[in-house]
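**Q** My questions all concern the structure below.
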């Protein structure tokens, strides 16, 4: 198994707060890796460092053995790393289809872009295919801003997939959506994984993580605590300790008893 | 709805085309020329600032550069006063674009809030430069070759040239809106970082849009210089111009096509009319400011969206209803 | 180069700059807490100056004593403007809209001032306005020194409020992050309104000093606001320390340029300095990097 994405010794402070403290993470190619931990453990910050939205104070991020530390978000994206956000970020005043087109046409230079019309049939078909995959085809003409939270998550997933990234970072994909949708999302992830895509998922929903992921890393207070198979991690006393330190009661329940 | 919208455009164009043939009073056609120039400027401004959300408040830099280009070239090339000077108009536009390039490069690397203030600062640099440099004539400005076309006829060619500018920029703006370049501008407006994260070449797109918007504003400045015959730095580099252009676009509807045209039409003609009727400048300021505030309070998105939103909302409601029916009947797809 | 001239220019820069720093700090405080760019700050300074003028001319109240009236008065003016016009602004266009709204308000005030006071230039008077004392060969105008003391005093009070009072904590939290502040239970609306009031109240003091050291009328506000905006961008929008440093720095540089080259370029130097700094540091001296995180 080759390591696709690696974060080593990442540290980052905000004001006086040490959000990340010598944190390490490895993502195997073709895996679905989970990243869990109590609130404030630094999961989203780590995501932000990997995808270039935040620069680390120390440490390196490596992708396929290339150093991508401190790369701007668009360069990270160009390498084949896609990412969704916890608070979905979509283009609210454009239609769902237009959102997809922006993703599809990202390579478009401005000069040619002026001359060419908004979309070609090939692009629209491509967009519709992805919308179909996530199941929101019939929303194509609606303003993205009027979508429900769950629908936005699907849209985000769709347009991140457009560029065929090798590894996809999902920030709480199951957060705030109903059970049916959660299962659907899990299905999509499995399908894509079977096609060779690697996933790194931050989640609070323990069942989701335990059922889906090959490998789980637990973070606590800005650093990685334990890494291993879901079954091993859940019974590890260090992990229970970390959660007991906070007050994530539900998570303790699931972790301890499944 | 497609036909109805086009009818309005055709009607508007027809009215504008025959206006000076019907209304011959030079005072009125003079107001019309200024109004058309502002319509062109507002549309051009909106093409960048409205679509991208980067509110530029120094666009009179381009206006002034266009005006000074027209003046300096016509004077130093010893041009005979007359229609030949119109050839300088596109040149003035090009000069404005050349000026916009470095400004854009400098100003567009920051976020919106700072961008606004930078455009204001750059504007003041230009105004001060125009006042202090010799070749620009300093505070006494420049006098262009005097065009002798006769009193009653004078305004007409300027009217049609200005109208030409309006038609030109309207088509360009519509074209941008429909292009993928336009999509990228709109994406930048909604979430620039997201667009960047998806691989859109954000800085290049912004600079391109900014530079493009300078072209027509520069041309308008050149026409103004020719029309008025004498330019002073404080009139062509005028902070009120900056705000007016932005205001017209906001009033009409930021990011729409008809909005800036409508906004300029209403604001400029009423502004001109008010200054003529109320010789007391202060009362005019109070009225203008109040009108402004009222509009912003009641129609915060502008006139055009105020009306189109109603039609859009009913359409969206219908789609939502249809969706609910489908979702209820079909196998559980993405539920709200 | 005459060393006296240089020292004089440096002194002028610091004394006058402190007053600009005061007014700019008010402006940047408003932006930092509310995301509002108060373009009316310039005309409000003039309003403050005219208030001092009216008190002096009609009721013979000394300029400094008059501050006891004008500062609270301008505070109220600020609160009124915020409640009436700025309260409803929200959403992605909030800052852009705030520019237009405050500009409209400034037009209103300008028109009103023109009508009440006419467009003729006036200047505030007092025994200390034209007198000076000397240290060595450098002359210190009383009014300038008083202005400096006033500015330092008010800014210190502001810092005291920010760092030693509970309200100050709320303000600093809102300055750092409005959403988080709201989440921990801070009444961001109340904080905003009061900060707007404070931001405007300092214009009373700034206006009095400005009016005593320059002749002015309503249209002087354009020059003022352009300088203030330049200062806060240079310092970093939302950074109080940045506004203070930039305020003093800009005027200092302007005066030095005026002495070393020519007064004509001293106004322009403001903007050139800004342009140069922004080339290397787009967010200003102490500004926050553009927030990019989800």
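**Q** Is it true that residue C:248 is farther than 30 Å from residue A:83 by Cα, modelled with pLDDT under 85, more than 10 Å from every other protein chain (Cβ to nearest Cβ) and in a helix (DSSP H, G or I)?
**A** It is false that residue C:248 is farther than 30 Å from residue A:83 by Cα, modelled with pLDDT under 85, more than 10 Å from every other protein chain (Cβ to nearest Cβ) and in a helix (DSSP H, G or I).
**Q** While we're here: Please verify whether region C:115-136 includes one or more residues that are assigned to a helix (DSSP H, G or I), at pLDDT 80 or above and more than 14 Å from chain B (Cβ to nearest Cβ).
**A** Within region C:115-136, none of the residues are assigned to a helix (DSSP H, G or I), at pLDDT 80 or above and more than 14 Å from chain B (Cβ to nearest Cβ).
**Q** I'd like to check something: does region A:7-28 contain any residue that is touching a strand residue (DSSP E or B) at 6+ places or on another chain (Cβ under 7 Å), assigned to a helix (DSSP H, G or I) and at pLDDT 85 or above?
**A** no
**Q** Out of (1) surrounded by fewer than 20 Cβ atoms within 10 Å (Cβ to Cβ); (2) under 28 Å from residue B:192 (Cβ atoms), what's the single condition that is false for residue A:18?
**A** (2)
**Q** Among B:62, B:48, B:124, which is closer than 25 Å to residue C:223 by Cβ, out of contact with any strand residue (DSSP E or B) (no Cβ under 6 Å at 6 or more places or on another chain), in contact (Cβ under 8 Å) with a residue 12 or more places away in the chain and crowded, with 24+ Cβ neighbours inside 10 Å?
**A** Within the list B:62, B:48, B:124, the selection yields B:62.
**Q** Out of A:89, A:83, which single residue is within 27 Å of residue A:149 (Cα to Cα), in contact with a helix residue (DSSP H, G or I) (Cβ under 9 Å, 6 or more places away or on another chain) and surrounded by fewer than 22 Cβ atoms within 10 Å (Cβ to Cβ)?
**A** Just a single option satisfies the conditions, and that option is A:89.
**Q** Could you identify the single residue in B:126, B:158 that is closer than 29 Å to residue C:40 by Cα, more than 8 Å from every other protein chain (Cβ to nearest Cβ) and in a helix (DSSP H, G or I)?
**A** B:126
**Q** A follow-up question, please. Could you go through region B:254-272 and let me know if any residue there is in contact with a helix residue (DSSP H, G or I) (Cβ under 6 Å, 6 or more places away or on another chain), closer than 18 Å to residue B:40 by Cα and modelled with pLDDT under 80.
**A** Yes - at least one qualifying residue is present in region B:254-272.
**Q** Of these, C:37, C:65, C:14, C:46, which one is surrounded by fewer than 21 Cβ atoms within 10 Å (Cβ to Cβ) and touching a residue at least 24 places away in the same chain (Cβ under 8 Å)?
**A** One residue alone meets the criteria, C:14.
**Q** Being exposed (fewer than 13 other Cβ atoms within 10 Å of the Cβ) and without any contact (Cβ under 8 Å) to a residue 60 or more places away in the chain, is that true of even one residue in region B:79-91?
**A** Yes.
**Q** Could you tell me how many of the residues in region B:129-146 are buried (at least 18 other Cβ atoms within 10 Å of the Cβ) and either part of a loop (DSSP other than H, G, I, E, B) or free of Cβ contacts under 8 Å to residues at least 60 places away in the same chain (or both)?
**A** Counting residues in region B:129-146 that are buried (at least 18 other Cβ atoms within 10 Å of the Cβ) and either part of a loop (DSSP other than H, G, I, E, B) or free of Cβ contacts under 8 Å to residues at least 60 places away in the same chain (or both) gives 5.
**Q** Scanning for something under 19 Å from the mean Cα position of the chain (by Cα), closer than 14 Å to residue B:43 by Cα and either more than 7 Å from chain A (Cβ to nearest Cβ) or at pLDDT below 85 (or both), does region B:177-196 turn up at least one residue?
**A** Looking for residues that are under 19 Å from the mean Cα position of the chain (by Cα), closer than 14 Å to residue B:43 by Cα and either more than 7 Å from chain A (Cβ to nearest Cβ) or at pLDDT below 85 (or both), one finds at least one in region B:177-196, hence yes.
**Q** Among the candidates B:71, B:14, which residue alone is touching a strand residue (DSSP E or B) at 6+ places or on another chain (Cβ under 8 Å) and at pLDDT 80 or above?
**A** Sole residue among the options that is touching a strand residue (DSSP E or B) at 6+ places or on another chain (Cβ under 8 Å) and at pLDDT 80 or above: B:71.
Condition check ((1) within 14 Å of chain B (Cβ to nearest Cβ); (2) under 16 Å from the mean Cα position of the chain (by Cα); (3) under 18 Å from residue A:222 (Cβ atoms)) across all residues:
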| position | (1), (2), (3) |
| --- | --- |
| A:43 | no, yes, yes |
| A:48 | yes, yes, yes |
| A:52 | yes, yes, no |
| A:65 | no, no, no |
| A:82 | yes, yes, no |
| A:92 | yes, no, no |
| A:95 | yes, no, no |
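**Q** Same structure again: Looking at (1) touching a residue at least 24 places away in the same chain (Cβ under 8 Å); (2) within 18 Å of the chain's Cα centre (by Cα); (3) in a helix (DSSP H, G or I), which is the only condition residue C:174 fails?
**A** Of the numbered conditions (1) touching a residue at least 24 places away in the same chain (Cβ under 8 Å); (2) within 18 Å of the chain's Cα centre (by Cα); (3) in a helix (DSSP H, G or I), the odd one out for residue C:174 is (2).
**Q** Okay, next question. Which one of these is within 26 Å of residue C:58 (Cα to Cα) and surrounded by 14 or more Cβ atoms within 10 Å (Cβ to Cβ): C:158, C:113, C:154, C:100?
**A** Going through C:158, C:113, C:154, C:100 in turn, just one is within 26 Å of residue C:58 (Cα to Cα) and surrounded by 14 or more Cβ atoms within 10 Å (Cβ to Cβ): C:113.
**Q** Now, a different point. Just checking, how many residues over region C:273-294 are modelled with pLDDT under 80, away from chain A (no Cβ under 14 Å) and either in contact with a helix residue (DSSP H, G or I) (Cβ under 6 Å, 6 or more places away or on another chain) or part of a helix (DSSP H, G or I) (or both)?
**A** Count: 5.
**Q** Kindly check whether there is at least one residue in region C:6-20 that is within 14 Å of chain B (Cβ to nearest Cβ), touching a helix residue (DSSP H, G or I) at 6+ places or on another chain (Cβ under 8 Å) and in a helix (DSSP H, G or I).
**A** no
**Q** Can I ask one more? For the structure I just gave you, tell me whether residue B:116 is within 12 Å of chain C (Cβ to nearest Cβ) and assigned to a loop (DSSP other than H, G, I, E, B).
**A** no
**Q** Any chance you could count how many residues in region A:190-237 are exposed (fewer than 14 other Cβ atoms within 10 Å of the Cβ) and either in a loop (DSSP other than H, G, I, E, B) or under 14 Å from the mean Cα position of the chain (by Cα) (or both)?
**A** Final tally of qualifying residues: 4.
**Q** With (1) away from chain C (no Cβ under 14 Å); (2) surrounded by fewer than 18 Cβ atoms within 10 Å (Cβ to Cβ); (3) over 21 Å from the mean Cα position of the chain (by Cα) as the list, and residue B:273 as the residue in question, which single condition is left unmet?
**A** (3)
**Q** Among residues belonging to region B:77-113 that are part of a helix (DSSP H, G or I) and at the interface with chain C (Cβ under 9 Å from one of its Cβ atoms), point out the one that is farthest from residue C:37 (Cα to Cα).
**A** In this case the residue turns out to be B:106.
**Q** A further question on this structure: Name the pairs whose Cβ atoms lie under 7 Å apart, with the first residue in region A:149-177 and more than 18 Å from residue A:135 (Cβ to Cβ) and more than 9 Å from chain B (Cβ to nearest Cβ), the second buried (at least 23 other Cβ atoms within 10 Å of the Cβ) and at pLDDT below 85, and 6 or more positions between them or separate chains?
**A** Pairs that qualify, where the first residue is more than 18 Å from residue A:135 (Cβ to Cβ) and more than 9 Å from chain B (Cβ to nearest Cβ) and the partner is buried (at least 23 other Cβ atoms within 10 Å of the Cβ) and at pLDDT below 85, are A:171/A:85.
**Q** OK, next. Starting from region B:14-28, take each residue that is closer than 16 Å to residue B:157 by Cβ and list its partners that are part of a helix (DSSP H, G or I), counting only C-beta distances under 6 angstrom and pairs at least six apart or across chains.
**A** Short answer, once both residue conditions are applied: B:16/B:163; B:20/B:29; B:20/B:156; B:20/B:159; B:26/B:155.
The values are calculated or read from the model by the stated rules, or taken from the named source; none is laboratory data. Predicted model, so just to flag it, every value in this text is computed and none were measured. Because the Cβ atoms are built from the backbone with ideal geometry, glycine has one as well, and the counts that use them run over all protein chains shown.
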